[in-house]
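Worksheet: one structure, shown below.
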Amino acid sequence: MTIDERLSRVPAFTQFYGTDELYGHAKRVAEANPGFCSLTYVGQSKNGEKIPMVTVGNGPTSILLFASPHPNEPIGAMMAYFLLDELSASPEMREGRTWNIIPCIDPDGTRRNEGWFKGPYTLKNYARDFYRPRGDDQAEWTFPVEYKTFKFDKPIPETKALMKAIDITRPAVMYSLHNSGFGGAYYYISRPLESAYADFHRLPTERGLSLSLGEPEAPYCKELYPAVYATNFASDAYDYFEKFGTGDPAKYMFGGGSSRDYAETVSKPFTLIAEVPYFKTAKIADTSPVGKKHGTVVLDGIERARALLTFAKKVVDDTLALLTEEPVLRDASASFIGQMLNRMDGEKAWAMSKEIMEQEATVAQEAHALYITPFYQGIIISMYRRALKAQLAKEYNPIIEEAYKTLDAKIDAMMDEIGKALDYGTVAIRDLVQIQYGALLAVLNGLGL
């Protein structure tokens, strides 16, 4: 079958599945196909929930996929759900390959996001039930690593489970199933693979989703091709902070190494990440000039972000000692707010560098600086709103009530402003799964596996 023929088999999902549905399906598939499927548990979560991995086939090429490395990113979990069925029904997909699929690596965090999984899929609703663990609680970013003055050696239980999976499977291809929230499609790969680039571009555009041609996620991302970047190491972030920060670069780091950092020490796999969003805007692909310098646009965005984060930090400072409910949400939000403020001087120095100040800014870059970045900051701040609401549900406190009302109005107004400015739309879940699945097939074809 061609890539497109395989993509046509993806069902029309109408909602995202939660942990129970993902784990239950994995167990059913394994039990129904004992001849070529097996289920093992690679570890457990912080709350003691067992984390399953389904192995399908026994060919020489090992492929490892793991979903929900960030628990607010369930698109890959839907791809894993479909892929288990597809591998069971398609013996040719198993030939020469051993597939290892973890349907959800962070069950605890995923459960905290399930409030928005069923929709409606709007900016406001997404923000209200959003959860992302703080840096040292992320399965993807707490692998042991040591680089210059930076050292991290406290992997969380979910990361230990993933380390075990990598050790057992020694993958030739590893797919960390992330996704973005707002904007366009973009990819990370561990080394250039030119034969896959045409599919990387056509898969989203044929489904009405623009490529993300604004700013990369981080200034140190190395572009291999438009909307295709080299997968980062922790050392890349360190080197950036060493150049643009002040003092010890380690103070700007959060968490530890990534799955790629660790996998490089085990089997050096080809790694893939396909970032696709729930919410789309055509502006993120508009490379026409806006009549401003790139650095000026970035600086404008930084000052807006500083004002927003300073506002949020005051709310946190005024109420943190009063919050006893939902400490996970409280601490994650407060931690991220502090980290983002801490990194702003380095971002400002980068924006003021000669190279950036001499470039002409595009519509995509301006949209990213003024609206996409604030969207991500807003959903992080919204976790603190959830903690305030939980505290009010337990006991009335006028200080907490005022803080909640203030933050609630601010975030809702932000989401209204962003949605209007970017004229956003939603992407069908089937389309998102097809893009992630198609990217994997393009990589396997390109590698000849």
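List the relative contact order of the chain as a percent without decimals, with contacts defined as Cα pairs under 8 Å and 6+ residues apart.
Dividing the mean separation by the residue count of the chain yields 20 percent.
Helix 19-32: angle to the longest alpha-carbon principal axis of the chain, degrees 0 to 90, nearest 10?
The angle comes out at about 10 degrees.
With a Förster radius of 22 Å, plug the Cβ-Cβ distance of R191 and V266 into 1/(1 + (r/R0)^6) and report the FRET value to the nearest 0.05.
Result of the calculation: an efficiency of 0.85.
Among DSSP beta bridges whose residues both lie in the chain, state the antiparallel percentage, nearest 5.
So the antiparallel bridges in the chain amount to around 55 percent.
Listed here are the pairs K154/K251; K148/K313; K243/K283; K124/K405; which of them are more than 20 Å apart at the Cα?
With Cα atoms farther than 20 Å apart: K148/K313; K243/K283.
Set the Förster radius R0 to 45 Å, insert the Cβ-Cβ distance between E360 and L447 as r into 1/(1 + (r/R0)^6), and round the FRET efficiency to 0.05.
In this case the efficiency is close to 0.75.
Please list the equivalent ellipsoid semi-axes of the chain, computed as the square roots of five times the alpha-carbon gyration tensor eigenvalues, in descending order and whole angstrom.
34, 26, 22
Mean residue ellipticity at 222 nm from the helices of the chain, using -39,500 (n - 2.57) per DSSP H segment of n ≥ 4 over the full residue count, to the nearest 500 deg cm²/dmol?
Computed mean residue ellipticity for the chain: -15000 deg cm²/dmol.
From the phi of every residue in the range 88-102, what ³J(HN,Hα) in whole Hz does the Karplus formula 6.51 cos²θ - 1.76 cosθ + 1.60 yield, where θ is phi - 60° and glycine or proline is x?
5, 8, 10, x, 5, 6, 8, 5, x, 10, 10, 8, 10, 10, 9
Round to the nearest 10 and give me the degree value, 0 to 90, for the angle of helix 373-394's Cα axis relative to the longest principal axis of the chain.
Here the helix axis deviates by roughly 80 degrees.
Using DSSP to define loop residues, name the GluC sites (Glu not before Pro) in the range 25-110 whose beta-carbon has at most 15 other beta-carbon atoms within 10 Å.
Of the GluC sites (Glu not before Pro), the ones in loops of the range 25-110 whose Cβ has at most 15 other Cβ atoms within 10 Å are E95.
Which lysines, on any chain, are close to K27 with Cα under 24 Å apart, when same-chain ones fewer than 8 places away are left out?
Excluding near neighbours in sequence, the set is K46, K50, K118, K160, K164.
What percentages, rounded to whole numbers, describe P(r) for the range 279-413 computed over all alpha carbon pairs with 5 Å bin width beginning at zero?
Spelled out per bin, shortest first, that is 2, 10, 18, 18, 15, 12, 10, 7, 5, 2, 1.
Looking at the range 354-449 from every direction and averaging, what is the projected area of its Cα convex hull in nm²?
11.5
On a C-alpha basis, how far is the centre of the range 351-408 from the centre of the range 138-162 in Å? Whole number, if you could?
27
Once both axes come from the Cα atoms, what is the angle between helix 107-117 and the longest principal axis of the chain, in degrees from 0 to 90, rounded to 10?
With rounding to tens, the tilt is 70 degrees.
Taking 2.2 N^0.38 Å as the expected size of a compact globular protein, what ratio does the Cα radius of gyration of the range 211-260 give against it, to two decimals?
Dividing the Cα Rg of the range 211-260 by 2.2 N^0.38 Å gives 1.24.
Remind me, relative contact order of the range 172-260 in percent, using alpha carbon pairs under 8 angstrom and six or more residues apart?
Normalised by residue count, the contact order of the range 172-260 is 28 percent.
I need the P(r) histogram for the range 1-152: all alpha carbon pairs, bin width 5 Å from 0 out to the longest distance, whole percents.
So the P(r) values, bin by bin, are 2, 8, 17, 19, 18, 15, 11, 7, 3, 1, 0.
Readers should treat all values here as calculations from the given coordinates under stated rules, not as data from a laboratory. Since the model is a prediction, treat every value here as computed from it, not as a measurement. In this analysis, Cβ positions are derived from the backbone assuming ideal geometry, glycine residues included, and neighbour counts consider all displayed protein chains.
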